[in-house]
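Q: I have a structure here, written as structure tokens, and I will follow up with some questions on it.
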Amino acid sequence: MKIQISNGMFIAMILNIMYAKAIGVTQGVLARAVGQDMWLATLLGTLEGIVMMYLTYVVIRRTPDKDFVQLGQLLLGRWFSSLIALVIFAFFIVAFGPIMITFVYHLRDYFLPDAPLWIFVVTSLVVGAIGCYYGLEVMGRIAMIGLLFMFALNVLITIGSMQEFDIRNLLPVMESGLPRTAKASMHYLADCAMATMMATLVLPLVKKVDIGNGRFGVLGIIGSGMMIIIWAILEGAVLSSEVTSQYTLSCMKLARNAHIGTFLQRYEMIMIALYSLPALFEVMFCIYGTSVCISRIFGIKSNRPMIIPCCIVLGVFGYWIIEDHFRAIDFLENYWPFIALPVAIGLPLIMVLLRVMLGSKLQKKSA
Amino acid sequence: MPDVSEEKPDTIQEELKKSVQPKLSDNVAVMEAIMGQSVDVLKRDFMLCGSTDHPGAIYFLDGMADATIVDVVLKSLITYGSERKLDPERLTTADIIRTELMINASVKPVEHIKDAISAMISGDTLVFIDGVEQGMIVSSRGWKDRGVEEPASENNVRGPRDGFTETIRTNTANVRRRIRDPHLRIEPMVIGTRTMTDINIAYIQDLVKPGLVDEVKKRLDGIKIDAILESGYIEELIEDSPLSPFNTVQSTERPDKAASALLEGRVVIFIDNTPVVLIVPTFFWQFIQAPDDYYNRYWVGSFFRIVRYFAFLISLLLPSIYVMLVSFHHEMIPTQLALTIASGREVVPFPVLLEALIMELAFELMREAGLRMPKPIGQAVSIVGSLIIGQAAVQAGLVSPFMVIVVAITGISSFAIPSYSSSLALRMFRFPILLASGTMGLLGFAATFFALLLHALSIRSFGEPYLTPLSPYRPSDQRDMMLRAPMWMLNSRPGFAQDQDRMGHDQMPAPPKKDGSQ
């Protein structure tokens, strides 16, 4: 029986895969690039993300039961499907770097400074592997619960930050100008890239995807934008862009700053506990993405045998990235967007072009 | 006396394959070969209608058959025919004897020895008459059983006090009395090659999801075992996730709970010789719900349900959170509280994880000891254990007062969970989370909690996701999950039931309007 996930699960998965990195690490990068206009960059990134997600939907619209790899086989044969699988595999390997930066630095720098790095990598991979082993349906369900956690986290941070909220910190608006803000938005768009690449594998498994006109993916990006822009506004208004730009994990600074009354002066641990689920979901999906792609390359029906080998590869790369803070930040700001965006935009564009060129061939094969 | 060793099992198997013979002596010989010299097997010879030309014999088990019914059987066979001047020559078939002579309510002809023996060892009376080709089974089951009492492990304040007993028919009757619906089906089954335990599968035909009953029967049919001594045997052999520590089959001793499950479209499995019945499919949230939730007003029901959810979280997580905070993240504790905890731990020589493990294990030890000991001593041990030993341990500086409070609250919370079996599972889950939190702090806590959550999300009970209706989310079922909505809002059954309508619409009561209309 073919596994199917509901539209709600798909939307929740998009929110989960984007949220953890975008609320803190990305906002720090944006603050360094465009100051208090970081919320505008997030907004622009959301609009760009909508286009990117819709493009992904356009690729599979006519063949809603085929993911990119299967569609590649239909278009140009086995070698092309393997090439696509390899590209997606490489994407998720590289994406694991920023994900590990987000997850490990949050926990290590703020909660467990003496713990060795490998513990964070191994633990997250073990939980991710368990989720991946249980399959996409379970991952979709945990994403739904992750959505609840994200709501709770947003409510907590809003309540805890309102006392120090100063709208003047967000002024003047568009000080950096549209071109710079648009350029900075690519950092947020790189987060959307993770969601669109997830859609390349998952979209055909979404129930009634063909009758939704791509609205579920688009709704996911809009929902993510709404959830994340709250943080962009709060970080700008409460911390100011100058302070935000000083931190790799600006969301943690905001979380530490938050307090409810005089007794509950610090509750960032509760927030991090809530935050861990989306972060672990990102890890889980990286394992899923890589294991599915590599099993397709080798012609293995189930992705389960590939989970452990993929975990090893991901773990080695992730450890290498986070071992050195400078390397991590350099990778995050100067390499990640330039790897993620060409893949996330280029791959759907190539597929759309091929569909146009080979439309008649595709119709014959589908028939 | 014949040597017991002569009764070889294969000989008995051969005898069991035989059919009932017209000649009484043949049947008697077979019965003796099979049952041997068992003292509880009683044989009583008689003459049909007092005629010496028509000898017969009845067999029954002492203690299993009701002696008054056996007397009625004998009276029918010996005196009733002669009183009515019936010609014994006419009584040549089991059917004629049943219709013209026997006055017992249930008399069935039997052709095979195996069926005859099976009925007799279940408490029925077996009748053989010379010249009649079939035997007869007269229903005479009746033995000393425990009366209907309040279930010890599922108490409530408001609601019925009756519980299931060890007799399957009493149990089915208890449910049937509550649901006088002709759609209620109770199907028989026998499991266990040696115990031949009676199993009954109950469901309401037009409510149960199509295929569910077949699946239950298929799983029960698949059980090949020599003995079923308690419902736990069946539970472990039919559950979806046998390696999971979560209970995916609900058990109860309460007839009202079983009736409620049937009305929700679920299947109830009765097992003879145990007061515990099984309910499938099962969802995690049911373990937090209690019958009182529905018997009290919805405000009260909802409030105590929320209290139980808190109790569930406390019993699962409180020691882990405490250990994690004190060991790794003390800066997260408000200053005054941190100072209080630190002063209490000043003289304690153990790390907080070890202290927690010792206390948790000591608590489990006291609970287990209190359970196994004779009741009056058990209570004393619990009180002495919790009060005196706890106090002494604090004074000796072995544990901190705060840890005693944490463990006590955790223990009390675990008892607030209505389902005893699931509270046991919860107690076990505490330890891996505690160990992970005590060694890896927040990372270990989050990782083990989410791994557990992932596992719970992955399991099913008879094809239904275990965490339904939260995940997958079923909006209509939310009215009876975290909170218990008013009765007039609970107008539909759970999503998996076939017939959704439970009650008419607009059932919300209201006082009459001024013009007298309703």
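Q: Using alpha-carbon positions, what is the distance between the centroids of the stretch A:304-367 and the stretch A:132-210, in Å?
A: 19 Å
Q: Of the options B:Ile389, A:Met227, B:Phe270, report the single residue whose Cα projects farthest towards the positive end of the charge dipole of the protein assembly as shown (beta-carbon charges: Lys, Arg +1; Asp, Glu -1).
A: Ranked along the dipole, the leading option is A:Met227.
Q: Also, quick follow-up: In a Gaussian network model over chain A where Cα atoms closer than 10 Å are linked, find which of A:Met227, A:Met269, A:Met13 has the largest mean-square fluctuation.
A: A:Met269
Q: Another question, then. Could you run the Karplus curve 6.51 cos²θ - 1.76 cosθ + 1.60 with θ = phi - 60° over the stretch B:236-245 and give me ³J(HN,Hα) per residue in whole Hz, x for Gly and Pro?
A: Per residue, the Karplus-derived 3J(HN,Hα) values read 6, 9, 10, 6, 6, 10, x, 8, 7, x Hz.
Q: Here is a further query. Across the stretch A:167-175, in residue order, what do the Karplus-derived ³J(HN,Hα) couplings come to in whole Hz, using 6.51 cos²θ - 1.76 cosθ + 1.60 with θ = phi - 60° and x for Gly and Pro?
A: So the J values, rounded to whole Hz, are 5, 5, 5, 8, 9, x, 7, 6, 5.
Q: Still on this structure, I have one more. Give the value in nm², to one decimal: projected area of the alpha carbon convex hull of chain B, averaged over all directions. Please report the intermediate quantities before stating the final value.
A: On the way: hull surface 143.3 nm².
With the hull built on Cα positions only, its mean projection is 35.8 nm².
Q: For A:Ile101, what is the net charge nearby, where nearby means another residue's Cβ is under 12 Å from its Cβ and Lys, Arg count +1, Asp, Glu -1? Intermediate values should be presented prior to the final figure.
A: Details: positive: A:Lys21, A:Arg108, A:Arg327; negative: A:Asp109, A:Glu282, A:Glu323, A:Asp324, A:Asp330, A:Glu333.
So the surrounding residues net to -3.
Q: Over chain A, what relative contact order in percent results from Cα pairs under 8 Å that are six or more residues apart? The partial results should precede the final answer.
A: Numbers: 543 pairs, mean separation 144.6, N = 367.
Once normalised by length, the contact order is 39 percent.
Q: Hey, can you rank A:177-190, B:438-451 by average C-beta count inside 10 Å, highest first?
A: In decreasing order of mean packing, A:177-190, B:438-451 become B:438-451, A:177-190.
Q: Within 10 Å of each Cβ of A:122-129, how many other protein chain Cβ atoms are there on average?
A: Values: counts 1, 8, 4, 0, 3, 8, 4, 1.
Taking the mean over all residues of the peptide, I get 4.
Q: Just counting partner chain Cβ atoms within 10 Å, what average do the residues of peptide A:3-12 show around their Cβ? It would help to have the intermediate numbers written out before the result.
A: Details: counts 0, 0, 1, 2, 0, 2, 3, 0, 0, 0.
Across A:3-12, the average partner-chain Cβ count within 10 Å equals 1.
Q: Taking each residue in A:260-268, count the Cβ atoms of any other chain within 10 Å of its Cβ, then average. What number comes out?
A: Values: counts 0, 0, 1, 4, 1, 3, 5, 1, 3.
The shielding value for this peptide is 2.
Q: Right, something else. From largest accessible area down, sort B:Asp477, A:Asp37, B:Asp130, A:Asp65; use a 1.4 Å probe on the protein chains. Working shown, then result.
A: Details: B:Asp477 20, A:Asp37 0, B:Asp130 55, A:Asp65 80 Å².
Solvent-accessible surface, decreasing: A:Asp65, B:Asp130, B:Asp477, A:Asp37.
Q: Any idea which of B:Leu243, B:Gly378, B:Met482 is furthest toward the positive side of the dipole for chain B, if Lys and Arg beta-carbons carry +1 and Asp and Glu beta-carbons -1?
A: After comparing all options, I get B:Met482.
Q: Taking square-rooted eigenvalues a ≥ b ≥ c of the alpha carbon gyration tensor, is the stretch B:130-185 rounded, prolate or oblate, where a/c under 1.5 means rounded and, failing that, a/b exceeding b/c means prolate? If you can, show how the numbers build up before the last one.
A: On the way: a/c = 5.30, a/b = 2.06, b/c = 2.58.
Judged from the Cα gyration tensor, the stretch B:130-185 comes out oblate (a/c at least 1.5, b/c at or above a/b).
Q: Now for a different question. Only four residue types carry charge here, +1 at the Cβ of Lys and Arg and -1 at the Cβ of Asp and Glu. Report the dipole size of the stretch B:4-138 about the Cα centre in Debye, rounded to the nearest 20. Kindly include the intermediate steps, with their values, before the conclusion.
A: Working: 13 positive and 23 negative charges, 64 e Å.
Computed about the Cα centre, the dipole is about 300 debye.
Q: Round to a whole angstrom and tell me the spacing of the C-alpha centers of the stretch B:410-485 and the stretch B:54-126.
A: 56 Å
Q: Calculated FRET efficiency, A:Leu47 and B:Arg44, Cβ-Cβ r, R0 60 Å, to nearest 0.05?
A: Details: r = 94 Å, r/R0 = 1.57.
Step by step, r from the Cβ atoms, then E = 0.05.
Q: Using the alpha-carbon centroid of each, what span in Å lies between the stretch A:218-261 and the stretch B:314-380?
A: Using only Cα atoms, the two centres lie 37 Å from each other.
Q: Check B:His112: other-chain or 5+ apart residues with amide H under 5 Å from its amide H, H built from backbone geometry?
A: Amide H neighbours of B:His112, under 5 Å, 5+ apart: B:Val20.
Q: So what is Rg over Rh here for the stretch B:4-138, counting just Cα atoms and using Kirkwood for Rh? Each step should come with its number before you reach the end.
A: Working: Rg = 14.4 Å, Rh = 14.9 Å.
Radius of gyration relative to Kirkwood radius: 0.96.
Q: While we're on this one: With the crude spin-label approximation of a point 7 Å out along Cα→Cβ, what separation in nm comes out for B:Arg158 versus B:Glu215?
A: 3.5 nm
Q: Once phi is turned into θ = phi - 60°, what whole-Hz ³J(HN,Hα) does the Karplus curve with 6.51, -1.76 and 1.60 give for every residue of the stretch B:290-304, x standing for Gly and Pro?
A: These are the phi-based 3J(HN,Hα) values: 10, x, 4, 4, 9, 8, 8, 5, 5, 4, 5, x, 5, 4, 6 Hz.
Q: Let me ask something additional. For chain A, set up a GNM with springs between Cα atoms under 10 Å and report which of A:Ile222, A:Ile294, A:Ile339 has the largest fluctuation.
A: Among A:Ile222, A:Ile294, A:Ile339, the largest mean-square fluctuation in the Gaussian network model of chain A belongs to A:Ile339.
Q: Another question, if that's okay. Rounded to the nearest 500, what is the 222 nm mean residue ellipticity of chain A from helices alone, with -39500 (n - 2.57) per DSSP H run of 4+ residues and division by all residues? Walk me through the intermediate numbers first.
A: Details: 16 runs with 276 residues, N = 367.
My calculation for chain A gives -25500 deg cm²/dmol from helical runs alone.
Q: How large is Rg over Rh for the protein assembly as shown, taking Rg from the Cα atoms and Rh as the Kirkwood inverse mean of 1/r across Cα pairs?
A: Values: Rg = 35.3 Å, Rh = 32.4 Å.
The Rg/Rh ratio comes out at 1.09.
Q: Do the sum for chain B: with -39,500 (n - 2.57) for every DSSP H run of n ≥ 4, divided by all residues, what is the mean residue ellipticity at 222 nm, to the nearest 500 deg cm²/dmol? Write down the numbers at each step before the final one.
A: Details: 17 runs with 216 residues, N = 518.
Per the formula, -13000 deg cm²/dmol.
Q: For B:Gly131, enumerate residues with amide H under 5 Å from its amide H, sequence gap 5+ or separate chain, H modeled in the peptide plane.
A: Close amide H contacts, sequence-distant or interchain: B:Lys23, B:Leu24.
Q: I've got another one for you. Along the positive direction of the dipole of the stretch B:360-517 (beta-carbon charges: Lys, Arg +1; Asp, Glu -1; about the Cα centre), which of B:Phe415, B:Ala456, B:Gly444 reaches farthest?
A: Result: B:Phe415.
Q: If R0 is 56 Å, what FRET efficiency do you get for B:Asp62 and A:Ile308 from their C-beta distance, rounded to 0.05? Show your work: numbers first, answer last.
A: Working: r = 64 Å, r/R0 = 1.14.
For R0 = 56 Å, the calculated efficiency reads 0.30.
Q: While we're here: Which far-off residues, 5 or more places away or on another chain, put their amide H under 5 Å from the one on B:Gln498, with H placed in the peptide plane?
A: B:Val208, B:Lys209
Q: Taking each pair of different alpha-carbon atoms in the stretch B:293-465 once, compute 1/r for the pair, average those values, and report the inverse of that mean as the Kirkwood hydrodynamic radius in Å to one decimal.
A: Working: mean 1/r = 0.0567 Å⁻¹.
When all Cα pairs of the stretch B:293-465 are included, the Kirkwood radius is 17.6 Å.
Q: Let me ask you something else. Given Cβ point charges of +1 (Lys, Arg) and -1 (Asp, Glu) and nothing else, what value in debye, to the nearest 20, does the dipole of the stretch A:7-366 about its Cα centre take?
A: 1560 debye
Q: Could you calculate, for the stretch A:64-155, the ratio of the Cα radius of gyration to the Kirkwood radius, expressed as Rg to Rh? Mind showing how you got there, number by number?
A: Values: Rg = 17.6 Å, Rh = 16.1 Å.
Here the Rg-to-Rh quotient is 1.09.
Q: Most fluctuating residue of A:Phe92, A:Phe68, A:Phe263 in a GNM of chain A with Cα springs under 10 Å: which is it?
A: Answer for the Gaussian network model of chain A: A:Phe263.
Q: Dipole magnitude of the protein assembly as shown about its Cα centre, charges +1 at Lys/Arg Cβ and -1 at Asp/Glu Cβ only, in debye to the nearest 20? Let's see the in-between values first.
A: Values: 76 positive and 82 negative charges, 620 e Å.
That gives a dipole near 2980 debye.
The values are calculated or read from the model by the stated rules, or taken from the named source; none is laboratory data. In this text, all values refer to a predicted model and were calculated from it rather than measured experimentally. A quick note on method: Cβ atoms are made from the backbone with ideal geometry, for glycine too, and the neighbour counts reach across all protein chains shown. Accessible surface areas use protein heavy atoms only, side chains included; no ligands, DNA or RNA. Shrake-Rupley method; radii C 1.70, N 1.55, O 1.52, S 1.80 Å.
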